[in-house]
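The values are calculated or read from the model by the stated rules, or taken from the named source; none is laboratory data. Bear in mind that the values here come from a model prediction, so they are computed numbers and not experimental data. Here the Cβ positions follow ideal geometry from the backbone for every residue, glycine too, while neighbour counts run over all protein chains shown. Keep in mind that these areas ignore ligands, DNA and RNA; they rest on the heavy atoms of the full protein, side chains included. Shrake-Rupley method; radii C 1.70, N 1.55, O 1.52, S 1.80 Å.
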Amino acid sequence: MANFKESASQTAGPYVHIGCVPTFAGLEGMYGGKDLGNTMITGNPAGKRITLCLRVIDAAGEPMTDAMIEAWQPGPEGSFGPTEGFNHWGRQPTDAETGEAIFKTLMPGAPTGQTPHILLWIAARGINMALITRVYFPENDNAADPVFAIAGERAATLVAEKTDNGYVHTIHLQGDHETVFFDV
Amino acid sequence: MTGLISARDLDWHPAPLAPDYRSSILRSPAHALLHYDPTETEMTGPTFGHNMLGALDDNLILNYANPGEAAIGPRIIVHGKLIDEDRRPLPGKLIEVWQANAGGRYRHKKDGYTAPLDPNFGGCGRCISGEDGSYSFQTIQPGPYPWPNGGNDWRPAHIHFSVFGDGFAQRLITQMYFEGDPHIALCPIVQSIPSTQAINTLVARLDMSNTIPMDIRAYRFDIVLRGRNQTLFENKMEGL
């Protein structure tokens, strides 16, 4: 009767917002009106502030407007905290119109043996087990990172693009530019 | 620091592409997932304290209800233990749930099902596991509902669970079903799970020993996350 294998994953479905970002979903006042993970910079931490704008594109080329993305990252010194005034974890729904999920965070530092990166976890209708990927930054020598190296010739799909006001990164679920997703 | 969270058995989980679940067709990667052993990034994760919880966060019957009122539907306790594959409890972990109301309707702008909203039901709750990994919340039993999948598709009654572990590699979203629901065998989302054994572990059992007479029935649902290396987490990672 007892089971000691990991519980099988099931899709987060189209209504994931009710449970994870209820204020975004329109449940006024739930959890004090604040969605958990919405704010990563909560004080005045040291480090470079960045804006990371993510989009997830489905196999039809359409941005996913009902997904939820979580980010987990090292702080500016490369540690996973806790860090005063900074949440290393954030969570954003993709916008219902544009499909953008915007994280206002700190530029990650390098954990021991790795280059700076942000781990992403993507849940949505149609995704049976949340997808795990990483975002790296174009100014770093990412080839030295052991996980980046595993991605081989597809590793470019893990690198954000620098813009005037931060970084943008497009995650493709299929197609010529399909993003590398990991089993980790 | 590799290999300290046990590898995931991908054959136990639904494949990314499950054609009978039509939404997966455009939303599944074509390439296989690339494997690496968890690094410090995946062995660490966010922590959540009991002090973030409101008094009614774990009571969906009341947490969206007008004062003096309550959600409509069969009253149930859903409880169980959060453990890992090494049979160790996971204390202090955030569990978030969401569900349709007793008529099978979600409080969501994209849900247009005929069944009415319940003005006293939001459908969202959360709790943090106790020292022995136990968790509990009170809610109403959700109803089954139809969904657009190309045919006459109805979801079995279910509650969505989002669960955190010690390390981000243990992060999991799943769904809990109810013992005896004939829709379980008919649902393409459930049946995307390859084995009957794995499906059965997502089915909560009526628990008369925790049912309160003349008040509320209990359902038991244990949640298992990936195993951890005991030494690392207890001696080194604690308090990170």
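For the stretch B:5-15, check the following and say yes or no: at least one residue is surrounded by 15 or more Cβ atoms within 10 Å (Cβ to Cβ), in a loop (DSSP other than H, G, I, E, B) and acidic (D, E). No, the stretch B:5-15 contains no residue that is surrounded by 15 or more Cβ atoms within 10 Å (Cβ to Cβ), in a loop (DSSP other than H, G, I, E, B) and acidic (D, E). Filtered by the rule that a residue be farther than 17 Å from A:L131 by Cβ and within 15 Å of the chain's Cα centre (by Cα), the stretch A:53-72 gives a lone residue, A:C53.
All conditions but one from (1) open to solvent by 10 Å² or more (accessible area, probe 1.4 Å); (2) within 13 Å of chain B (Cβ to nearest Cβ); (3) not polar (S, T, N, Q) apply to A:G75; the one that does not is (1).
Consider A:E70 carefully, then state whether it is under 30 Å from B:S24 (Cβ atoms) and either part of a loop (DSSP other than H, G, I, E, B) or open to solvent by 40 Å² or more (accessible area, probe 1.4 Å) (or both). When the stated conditions are applied, A:E70 does not pass them.
Tell me whether the stretch A:142-157 contains one or more residues that are touching an Asp or Glu at 6+ places or on another chain (Cβ under 8 Å), more than 9 Å from every other protein chain (Cβ to nearest Cβ), over 21 Å from A:G109 (Cβ atoms) and at pLDDT 95 or above. Scanning the stretch A:142-157, I find at least one residue that is touching an Asp or Glu at 6+ places or on another chain (Cβ under 8 Å), more than 9 Å from every other protein chain (Cβ to nearest Cβ), over 21 Å from A:G109 (Cβ atoms) and at pLDDT 95 or above, so the answer is yes. Can you tell me which residue within the stretch A:82-109, out of those that are open to solvent by 10 Å² or more (accessible area, probe 1.4 Å) and small (G, A, S), is nearest to the chain's Cα centre (by Cα)? Of everything passing the filter in the stretch A:82-109, A:A96 is nearest to the chain's Cα centre (by Cα). So for the stretch B:31-45 (the condition being under 24 Å from B:L202 (Cβ atoms), more than 9 Å from chain A (Cβ to nearest Cβ) and open to solvent by less than 40 Å² (accessible area, probe 1.4 Å)), does at least one residue qualify? Among the residues of the stretch B:31-45, not one is under 24 Å from B:L202 (Cβ atoms), more than 9 Å from chain A (Cβ to nearest Cβ) and open to solvent by less than 40 Å² (accessible area, probe 1.4 Å), which makes the answer no. The set of residues in the stretch B:81-93 being surrounded by fewer than 21 Cβ atoms within 10 Å (Cβ to Cβ) and either in contact (Cβ under 8 Å) with a residue 60 or more places away in the chain or away from every other protein chain (no Cβ under 12 Å) (or both) consists of B:K81, B:E85, B:D86, B:R88, B:P89, B:P91, B:G92. The residue list A:N3, A:N38 contains one member that is closer than 23 Å to B:A55 by Cβ and either modelled with pLDDT of 95 or more or within 7 Å of another protein chain (Cβ to nearest Cβ) (or both), which is A:N38.
Yes or no: A:M30 more than 22 Å from B:F221 (Cβ to Cβ), among the aliphatic types (A, V, I, L, M) and facing another protein chain (nearest Cβ under 7 Å)?
yes
Can you tell me how many residues in the stretch B:133-152 are assigned to a strand (DSSP E or B) and buried (at least 18 other Cβ atoms within 10 Å of the Cβ)?
Count: 6.
Would you confirm whether any residue within the stretch B:119-132 is charged (D, E, K, R), within 19 Å of B:L202 (Cβ to Cβ) and open to solvent by 40 Å² or more (accessible area, probe 1.4 Å)? So far as the stretch B:119-132 goes, no, none of its residues is charged (D, E, K, R), within 19 Å of B:L202 (Cβ to Cβ) and open to solvent by 40 Å² or more (accessible area, probe 1.4 Å). Check the stretch B:33-48 and report whether any residue there is over 22 Å from B:T174 (Cα atoms), of a type outside the set (F, W, Y) and part of a loop (DSSP other than H, G, I, E, B). Yes, the stretch B:33-48 has at least one match.
Scanning the stretch A:82-129 for residues that are in contact with an Asp or Glu (Cβ under 7 Å, 6 or more places away or on another chain), of a type in the set (S, T, N, Q) and more than 9 Å from chain B (Cβ to nearest Cβ) gives A:T94, A:T115. Across the stretch A:1-24, what is the total count of residues that are in a helix (DSSP H, G or I) and touching a residue at least 60 places away in the same chain (Cβ under 8 Å)? Final tally of qualifying residues: 4.
Answer yes if at least one residue in the stretch B:109-120 is of a type in the set (S, T, Y), touching a Leu at 6+ places or on another chain (Cβ under 9 Å) and modelled with pLDDT of 95 or more, and no otherwise.
The answer is no, given that none of the residues of the stretch B:109-120 is of a type in the set (S, T, Y), touching a Leu at 6+ places or on another chain (Cβ under 9 Å) and modelled with pLDDT of 95 or more.
Of the strands (runs of 3 or more DSSP E) lying entirely inside the stretch B:153-236, those containing at least 2 residues that are surrounded by fewer than 20 Cβ atoms within 10 Å (Cβ to Cβ) are B:203-206, B:217-220. Screening B:Y64 against (1) surrounded by 17 or more Cβ atoms within 10 Å (Cβ to Cβ); (2) within 8 Å of chain A (Cβ to nearest Cβ); (3) closer than 25 Å to A:F182 by Cα; (4) more than 19 Å from the chain's Cα centre (by Cα) leaves a single unmet condition, (3).
Might you check whether a residue that is part of a loop (DSSP other than H, G, I, E, B), among the charged types (D, E, K, R), at the interface with chain B (Cβ under 9 Å from one of its Cβ atoms) and open to solvent by 10 Å² or more (accessible area, probe 1.4 Å) occurs anywhere in the stretch A:43-64? Checked the stretch A:43-64: at least one residue is part of a loop (DSSP other than H, G, I, E, B), among the charged types (D, E, K, R), at the interface with chain B (Cβ under 9 Å from one of its Cβ atoms) and open to solvent by 10 Å² or more (accessible area, probe 1.4 Å). Would you mention how many residues in the stretch B:107-132 are under 28 Å from B:G49 (Cα atoms) and either outside any loop (DSSP other than H, G, I, E, B) or more than 8 Å from chain A (Cβ to nearest Cβ) (or both)? Number satisfying all stated conditions: 11.
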